[in-house]
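Here the structure comes first, spelled out in C-alpha cells, and everything after it is commentary.
The values are calculated or read from the model by the stated rules, or taken from the named source; none is laboratory data. Source: prediction; values computed, not measured. All Cβ positions, glycine included, derive from the backbone under ideal geometry; neighbour counts span all protein chains shown.
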Amino acid sequence: MGLDHEAIRKAYPDAVSIDDGFGAFDKDNKVISLEQSKIDAARTTLDNEAAQTLYQRQRTGEAGTTDTIYPDLGEQFDLLFKDIAAGTLTTSGNLYTALKATKDKYPKP
C-alpha cells in the first residue's frame, strides 16, 4: 500500500514531491523525515473537513441528493405566514416540522 499523499501534504506543507518508494521531498529535493503520528493527525483533520463539507452540501442539495432538502425561502415564508395566521408558530407548526425533517435527515457530524 502506498503513502497517503494528501495527508502528507497537509502535515508537511513544504513537501513538493512524494514517491511511494522513496518518501517525501522538499523544493531543494531534500528528504523530509515523515512521522506517522503527524500523517495520522492530518488524515483525521482531512476526514473531518470532508465530513463537514459533505454535511453542508447535503443540507443545500449540492451533493447530488435528490431527496428532501430545505424548502426554498418562498415556501418557508409562506409556511411562516400560515403558521402565524393559524396561531401555530410552535414546534407543532408546519414551518418547524418542514425544517426539522431536513435537520433530522442530515444531522450535524
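Per-structure values
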item: Whichever residue in the stretch 1-59 is free of Cβ contacts under 8 Å to residues at least 40 places away in the same chain and of a type in the set (Lys, Arg) and, among such residues, is surrounded by the most Cβ atoms within 10 Å (Cβ to Cβ); result: LYS10
item: Condition met for TYR70 (closer than 30 Å to GLU49 by Cβ, touching a Ser or Thr at 6+ places or on another chain (Cβ under 6 Å) and at pLDDT below 95); result: yes
item: Tally, over the stretch 73-101, of residues that are assigned to a loop (DSSP other than H, G, I, E, B) and under 25 Å from TYR55 (Cα atoms); result: 1
item: Flag if ALA63 is touching a Lys or Arg at 6+ places or on another chain (Cβ under 7 Å), surrounded by 12 or more Cβ atoms within 10 Å (Cβ to Cβ) and either β-branched (Val, Ile, Thr) or at pLDDT 95 or above (or both); result: no
